[in-house]
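Every read-out reported here was derived from the displayed coordinates using simple, explicitly stated rules and does not represent laboratory data. As the structure is a prediction and not an experimental result, all values here were calculated from the model. Cβ: placed from backbone, ideal geometry, glycine included. Neighbour counts: every protein chain shown.
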Amino acid sequence: MKQLVRMFAVVMIVSLGLMYFISYLNSSAGYSGDNTLTIYNWGDYVDPELLTRFEEETGIKVIYQTFDSNEAMMTKIEQGGTTFDVSIPSEYAISKMKEENLLLKLDHSKIPNLKNIDPRFMNLSFDPDNAYSIPYFWGTVGIVYNPELVGDLTFASWNELWDQSLRNQILLLDGAREVMGMGLNSLGYSLNDTEEAHLQEAKAKLQQLTPNVKAIVGDEIKLLLANEEAAVGLVWSGDASEIMGENEKLDYVVPEEGSNLWFDNMVIPKTAKNIEGAHQFINFMLDPEVAAQNTEYVGYSSPNQAAMALLPEEISSDERFYPDEELTSRLEVYDNLGKRMLAHYNELFLEFKMHRK
Ligand code: SPD
């Protein structure tokens, strides 16, 4: 019996010690138990040093989770049971989330750094007056390629991807709208086309691309292309800039038929528990120095004009990532096609993926 009491006492002492140690760790980092901020962002889409700086400056502990597509992010938020305070969807997803009443209205008086955003990126049709969303990064969809491995191809047209010389040489980013969009654009159709015959034509055309497709991948596309595991990739512009930073032989082009112009904005989902902290975080990310550091780290294009002024000229004047008016006029922003049509795009993309197996 004595032995049992002794064992019980030891267990109690060890548990109390552990509890004390954990609470010491928390308090030494300046956090109180519920002073946290849960951020739900794309993978590889923030400089982690900035999250630490935000924690140090505010005493708020950041809990960070990532997603790899708008569709995955929306499904998780729609399902509920999450406590995301800030997320960063793209424009058509923002429009859909607004429609589904999944976003909170922002208090602009708590975001004074909003003045740093270039007016070109404000008040866009998917969120008039930026009532629900604040610009974070923007970009295009295009082709990264290794000129040494593709002969005379320059990808002035999407159709060059179907060239027989590219067998097993193409990596595609894992995005339904991007891949379907590539099929639609190559046929001269809009990225927002909803005509069934056109969508089926695009899917059939994509299936013909199968022999050239080495893999459909997530963020690892950057490493694979930089390491020359494939000659060509369908990518977002910011990923292209990072890949080209790793391997200077590579180039990025937006084909002449046109492509996608997208905007990723910060929002506060209805699931938020720390609304004050969420505004603080959004404001922090809009600080010119913070936004410039983030832009250099992730490689995407910044909508923050005060940050742009701090960036090296080789970044701010690179027309591949800050396209001129002529190129911009050939780009199309994704519309919110509605729940059913978005689901149909996903289905067609999945069928294309299955066809490859
Ligand atoms: N690795 C970060 C990727 C973020 C890309 N967002 C682009 C969305 C385009 N609809």
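What shape does region 216-297 have by the C-alpha gyration tensor, where a ≥ b ≥ c are the square roots of the eigenvalues, rounded means a/c under 1.5, and otherwise prolate means a/b greater than b/c and oblate the rest?
The shape class here is prolate.
Helix 339-355 versus the longest principal axis of the chain: what is the Cα-based angle in degrees, 0 to 90, to the nearest 10?
Its long axis makes an angle of about 70 degrees.
Each residue of region 157-171 in order: what ³J(HN,Hα) in whole Hz does its phi give by Karplus 6.51 cos²θ - 1.76 cosθ + 1.60, θ = phi - 60°, with x for Gly and Pro?
Result, ordered by residue: 10, 4, 5, 5, 5, 7, 4, 4, 5, 9, 3, 6, 10, 10, 9 Hz.
Given the peptides 91-104, 128-141, arrange them by the average over their residues of other C-beta atoms within 10 Å, most packed first.
Sorting 91-104, 128-141 by mean packing, highest first, produces 128-141, 91-104.
Under the rule of at least 5 residues apart or a separate chain, name every residue whose amide H is placed under 5 Å from the amide H of Asn41.
Distant-sequence amide H within range of Asn41: Gln65, Thr66, Phe67.
Running a GNM on the chain with Cα contacts under 10 Å, which residue among Leu106, Leu310, Leu173 ends up with the highest mean-square fluctuation?
Fluctuation is largest for Leu310.
Note down the net charge around Phe284, summing +1 for each Lys or Arg and -1 for each Asp or Glu among other residues with Cβ under 9 Å from its Cβ.
Numbers: positive: Arg53; negative: Glu57, Asp287.
Residues near Phe284 contribute -1 overall.
Could you run the Karplus curve 6.51 cos²θ - 1.76 cosθ + 1.60 with θ = phi - 60° over region 226-235 and give me ³J(HN,Hα) per residue in whole Hz, x for Gly and Pro?
4, 7, 6, 6, 8, 8, 9, x, 8, 9
How do the peptides 49-62, 264-277 rank, highest first, by the average count of neighbouring beta carbon atoms within 10 Å per residue?
So the order, starting with the most tightly packed, is 264-277, 49-62.
Return the inverse of the average 1/r over all pairs of distinct C-alpha atoms in the chain, which is the Kirkwood hydrodynamic radius, in Å to one decimal.
22.0
Calculate one ³J(HN,Hα) per residue across region 132-144 by plugging θ = phi - 60° into the Karplus curve 6.51 cos²θ - 1.76 cosθ + 1.60, and present them in order as whole Hz with x for glycine and proline.
10, 8, 10, x, 10, 9, 9, x, 10, 10, x, 10, 9
Grab the DSSP H runs of the chain that are 4 residues or longer, score each as -39,500 (n - 2.57), total them, divide by all residues and round the 222 nm result to the nearest 500 deg cm²/dmol.
Per the formula, -12500 deg cm²/dmol.
Provide Rg and Dmax in Å for region 213-357, with only Cα atoms included in the calculation.
Radius of gyration, then largest Cα-Cα span, for region 213-357: 18.0, 48 Å.
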